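Everything below concerns the one structure shown next.
Values quoted throughout were computed directly from the atomic coordinates according to the rules given, and no laboratory measurement underlies them. Keep in mind that what you see is a predicted model, and the values were worked out from it rather than measured. Glycine also receives a Cβ, built like all others from the backbone with ideal geometry; neighbour counts cover every protein chain displayed.
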Amino acid sequence: MIMRLTSNGSGEMMSLIKLLRKGNKSSGIAAAGNTILAIIKGIAAGISGSGTMLATTLHSAADATNQGFVFFGSALAEKEPTKRFPTGFGRVVNLFVLVAVVVVSIMAYETIIKGWELIMHPKPSSNIWLNVGILLIAIIIDGYVLIKASKEIIKETRTEASGLGIFKGAMKAVSLAAPPTRLVFYEDIIATFGAFLALVSVVLSYLTGFYLLDGVGTLLIGLLLIGIALKIGYENTIGLIGVTAPKVVVDRVADMILSHTDVVDIYDMRVLQEGRKYHVESYIELRKGFSLADADDIKFKVKEMLLEDSDIGDVTLGILETDELESWDKEKRNEV
């Protein structure tokens, strides 16, 4: 009995580790990096008393919490469908991202309050070079995470970009990336820019004696956090409800279906986004003259072809004999 329990426990642990390995890499790296940054910045903020440094500490702490949540959510979303949840767990990641948005909003509120307090009652901070050194480290680490997130977007969206064009390509394709990758990308843009803004505020307030700048920098970081919380919150709310896939994905699926020699048209099709996966439902028209058995074989071949795409999680197909009328017009659909 004891041996059986031990074996089951070991098996469950291995299953958990296997599942975590499927988690979003960008969010995992970002969570680790921001945890280190939050500790370093927190120590510097406590020593120097800088409000801007405290704001960036809260930002890093929020990012670490969020991205940790999102990493576990993205891993859970990879669980196989069950009888109770036949469409899988793809949308779980949207729920975890929404929890992360709540954390960001709370941190943003605290940052804005702190910034306003420093504007109303400006005060000098000490250990300027400690702050400068920490903020430079923050820019390097956040910049590294941002580059990793950009590369992940390029990979997920199958965008052709390399070298200095990676960030530009990622900006254009970010809406097609998985929810966790989008969160990391947006947050680290703000984190990198926020660290740079904090560096400028700390240095200028020290050199000019205009300590109000410390509060202004803190307030701006808080407002940036609010902006990113609203954007990510909206995107994941519609994702949780259920949203159609982007046109570029729908067109790609349609092209795959029509590439089969015996498929002459698509009568109707719906492609829903389920987390980072897509659920395809379609009625396809076949050439005339097939027996029911042959038509079934074609349907299963088309289904297998679609499921070979790593972005497609589930396919439901119906078959019809062609009515010799064109139902699927990609150009007209793109104009809608």
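A few notes on this one:
- Partner aspartates and glutamates for LYS123 [C-alpha distance under 19 Å; skip if fewer than 8 residues away on the same chain]: GLU110, ASP214
- For the stretch 247-335, Kirkwood radius (reciprocal of mean inverse C-alpha pair distance, Å): 13.3 Å
- Candidate aspartates and glutamates - alpha carbon under 14 Å from LYS41, same-chain residues fewer than 8 apart omitted: ASP63, ASP142
- Counting other Cβ atoms within 10 Å as a rough exposure proxy, the listed residues THR159, THR237 run THR237, THR159 from fewest neighbours to most.
- Cβ-derived FRET efficiency at R0 30 Å, TRP116 paired with LYS79, nearest 0.05: 0.10
- Amide H contacts of ALA245 (H built 1.01 Å from N, under 5 Å, at least 5 apart or other chain): VAL271, LEU272, GLN273
- Amide hydrogen proximity for ASP268: with H placed 1.01 Å from N in the peptide plane, the residues at 5 or more positions away or on another chain lying under 5 Å are TYR283.
- Acute angle (nearest 10 degrees) that the helix 179-208 long axis makes with the longest principal axis of the chain, alpha-carbon atoms: 20 degrees
- Efficiency of FRET from Cβ geometry, LYS172 and ASP296, R₀ 45 Å, rounded to 0.05: 0.65
- Of LYS114/LYS151; LYS18/LYS148; LYS25/LYS168; LYS247/LYS301; LYS155/LYS303, pairs whose Cα-Cα distance is over 26 Å: LYS114/LYS151
- Once backbone amide H atoms are built at 1.01 Å from N, TYR278 has ILE312, GLY313, ASP314 as its partners under 5 Å, excluding neighbours fewer than 5 places away on the same chain.
- A full extension of the chain between THR87 and ASP255 corresponds to an added length of 58.1 nm, given 0.36 nm per residue minus the alpha carbon distance.
- Each 5 Å bin from 0 upward holds the following percent of the Cα-Cα pairs of the stretch 210-264: 4, 15, 11, 11, 11, 9, 9, 8, 7, 6, 4, 3, 2, 1, 1.
- Using a Förster distance of 41 Å, the FRET efficiency for PHE210-ILE147 (Cβ separation, nearest 0.05): 0.75
- All Cα-Cα separations within the chain were binned at 20 Å from zero, giving a P(r) of 27, 44, 23, 6, 0, each value a whole percent of the pairs.
- Residue-by-residue Karplus 3J(HN,Hα) for the stretch 287-299, coefficients 6.51, -1.76, 1.60, Hz, glycine and proline x: 4, 5, x, 7, 6, 4, 5, 5, 4, 4, 4, 5, 4
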